[in-house]
Amino acid sequence: MTEEKGEAAPGMDRKMLELLVCPLTRAPLKWDPQAGELISRHAGLAYPVRDGVPILLVSEARKLDDA
């Protein structure tokens with residue numbers, strides 16, 4: 001997985017991406033451009049980004065594989 005701090009999600013401002021945190025742990029999120037998701041390593045969750053809008057709902061997040 002590639003996590004780029006300087007690369008923002010399509011349609012998202014880079015500054016906004018730096019301000020976003022996981023709603024569960026309050027830890028910073030990392031953008032994964034290949035999957036199109038915001039990753040919370042602390043929570044083990046990946047939040048989707050749809051049409052440039054981050055969906056920061058735990059119920060919408062995907063559990064990360066530990067592999």
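Key figures for this structure:
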quantity: Amide H contacts under 5 Å for GLU37, placed H, 5+ residues apart; calculated: ASP32
quantity: Computed magnitude of the charge dipole of segment 14-63 (debye, nearest 20; Cβ of K, R +1, Cβ of D, E -1); calculated: 140
quantity: Long-range HN-HN contacts of CYS22 with modeled amide H, under 5 Å; calculated: ALA27, LEU29
quantity: Fully extended contour minus Cα-Cα distance, from ALA27 to VAL53, at 0.36 nm per residue; calculated: 7.5 nm
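Quick note: the coordinates plus some simple rules give every number you see, no bench work behind them. On a predicted model such as this, the values are computed, not experimentally measured, just so you know. All Cβ positions, even for glycine, are placed from backbone atoms using ideal geometry, and neighbour counts span all protein chains on display.
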